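The values are calculated or read from the model by the stated rules, or taken from the named source; none is laboratory data. Quantities reported herein were computed from a predicted structural model and do not represent experimental measurements. Quick reminder, even Gly has a Cβ in these numbers, built from the backbone with ideal geometry, and neighbours come from all protein chains shown.
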Amino acid sequence: MRTAKFGTTALLLSVVTASSVAMAPGSASASAAGAGSTYYVAPNGNDGAAGTQAAPWASFARAQAVAKAGDTVYFRGGTYAYTRANGACSGQTAKVDAITLNKSGSSGNPIRYWAQPGEKPVFDFSRMTDNCRIKGFDVTGSWIHLKGLEVKGVPQNNNRNAESWGIWVSGSNDVFEQINTHHHMGTGLFISGGSGNLVLNSDAHDNYDLRSNDGPGENADGFGSHYTPAGRPANVFRGCRSWWNADDGFDLISTYSPVIIENSWAWRNGYVPGTTTPSGNGAGFKSGGYGGDYEADAPKHTVRFSVAFLNRAAGFYANHHPVANDFFNNTGYGNHPNFNMLGIDSRGAAVGRGTLRNNIAYTGTATSNMSGTSAAYNSWNLGVPPTDSQFRSVSTSGWDAPRQTDGSLPVLPHLRPAANSALIDKGTDVGLPFSGSAPDLGAFENDGR
Ligand SMILES: [Ca+2]
Ligand SMILES: [Ca+2]
Ligand SMILES: [Ca+2]
């Protein structure tokens, strides 16, 4: 491990897979179509048709009724527009869904709902008229794999509720891959109680709950994982981007099983999307907490190899979490502050909580609430003050560039160590892959790219 070549993300993925994810993400089973039956859905399809490529169905509901574990349903490109939920609002504060996925696959044989390769199916909920709280997708089933879907526009049609949701997940062992969830009046993808889920190479952006009853912008995060009971397998966010959401980029408040966030980026959260007008909380990675209460069975969350920049509040925030989370090899740039480790002790008193190694804090303000943390080998501990010239680029634009063909993040020069940077090999071995004699500081190991 110590001299491992870092050049491929596959090495990192294999480490994480073995330790934390029930379903093998990135393996052949997650990226190849199944051995079961194959069906097709198209915007101009017909639910009375055969569901073949020549005669596709029209609706998700029709596909689910037929598909079983191991089957693959391909969605052709184009817009699938929804104007009403699949059930009536029983009152203005009731919850309804446009698409309910309540049929489970099985271990090794998920039900796959995938974009036709090379095409972009868009699920547009912006014209829904239901006068209550709305979920675009309500995923209650397990062993379901969604891939390549764009999901947008879930509205709030009254001001009696908190946020709506783009994708709501209470199932487990689901995979959400190459999902683009945006412009909802609520959170882009919200895990509520499920476990062992993988959110892979997905984007959440421009979400803004302007009709929330607790104030506009208070609840629309990019990604959330909440309410999972203790002792369950981790939910994992990998290769995800979250930007210009009115509240937080990633939010892990009120959950009792671990969450791992890695190789993910969060920026410009806490503003009205597309502006610098302050809106909700504005953390990049809000890493736990229970609304300021002490909880004895709080889990340790992990945030690593991730970047937060220009968020309105903290880039990496402990949010009153009772135990120390692991923050390894992250880069905070231009946040306020970059790392805020505000935790809580068993008496309810404020104390720093966090284990921080190999992180960079640059511009904005560096850190706060560090008393009580374990922090070493970070840029602010080492007397290695970052400067612009330590990086190949410090640009804050272009981070939303198109993804690579396999869905992985674009390779940008931004905030990567320059050749001969003083940030190279200044970190300490935390049991994760690195190149050279030691880990570099920050989210990007210098791999010659
Ligand atoms: Ca909030
Ligand atoms: Ca939030
Ligand atoms: Ca190194």
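Please pick out the residue among Ser389, Ser379, Ser393 that is modelled with pLDDT of 95 or more, closer than 30 Å to His182 by Cα and more than 10 Å from ligand 3 (Cβ to nearest atom).
Matching residue, one of Ser389, Ser379, Ser393: Ser393.
Selection of region 418-449 for residues being among the hydrophobic types (A, V, I, L, M, F, W, C) and near ligand 3 (Cβ under 6 Å from one of its atoms) yields Ile424, Phe434, Ala438. Take the residues in region 419-449 that are closer than 18 Å to Tyr362 by Cα and among the aliphatic types (A, V, I, L, M), then tell me which one is nearest to ligand 2 (Cβ to nearest atom). The extreme case among them is Ala443. Of the residues making up region 401-417, just one is outside any loop (DSSP other than H, G, I, E, B) and either among the basic types (Lys, Arg) or near ligand 3 (Cβ under 9 Å from one of its atoms) (or both), namely Pro417. When Asp214, Asp209 are checked against the criterion of being in a loop (DSSP other than H, G, I, E, B) and within 19 Å of Asp97 (Cα to Cα), a single residue qualifies: Asp209.
Name the residues in region 135-183 that are assigned to a loop (DSSP other than H, G, I, E, B) and within 18 Å of Thr93 (Cα to Cα), would you?
Once the filter is applied, which keeps residues that are assigned to a loop (DSSP other than H, G, I, E, B) and within 18 Å of Thr93 (Cα to Cα), region 135-183 yields Val154, Pro155, Gln156, Asn157, Asn158, Asn159, Arg160, Asn161, Ala162, Glu163.
Annotation: of all residues in region 264-274 being in a loop (DSSP other than H, G, I, E, B) and touching a strand residue (DSSP E or B) at 6+ places or on another chain (Cβ under 6 Å), the one that is farthest from ligand 1 (Cβ to nearest atom) is Ser264.
Here are some residues: Asp251, Asp214. Which one is over 10 Å from the mean Cα position of the chain (by Cα) and either away from ligand 1 (no atom under 14 Å from the Cβ) or closer than 27 Å to Pro278 by Cβ (or both)?
Answer to the check: Asp214.
From the list Gly332, Gly288, Gly343, the lone residue that is assigned to a loop (DSSP other than H, G, I, E, B) and either over 30 Å from Asn213 (Cα atoms) or away from ligand 3 (no atom under 16 Å from the Cβ) (or both) is Gly288.
Checked against the criterion of being farther than 23 Å from Gly196 by Cα and at pLDDT 95 or above, the candidates Ser59, Ser106 yield just one match: Ser59.
For region 219-270, the set of residues classified as surrounded by fewer than 23 Cβ atoms within 10 Å (Cβ to Cβ), within 16 Å of ligand 2 (Cβ to nearest atom) and more than 18 Å from Ala318 (Cβ to Cβ) consists of Tyr227 only. So which residues in region 312-343 are in contact with a Gly (Cβ under 6 Å, 6 or more places away or on another chain), crowded, with 24+ Cβ neighbours inside 10 Å and closer than 19 Å to Ala246 by Cβ, if there are any at all? Gly315, Asn319, Asn335 - these are the residues of region 312-343 that are in contact with a Gly (Cβ under 6 Å, 6 or more places away or on another chain), crowded, with 24+ Cβ neighbours inside 10 Å and closer than 19 Å to Ala246 by Cβ. For region 217-232, filtering for residues that are assigned to a loop (DSSP other than H, G, I, E, B) and either of a type outside the set (A, V, I, L, M) or touching a Cys at 6+ places or on another chain (Cβ under 6 Å) (or both) leaves 10.
Checked against (1) farther than 18 Å from Phe328 by Cβ; (2) part of a loop (DSSP other than H, G, I, E, B), Ser389 passes all but condition (2).
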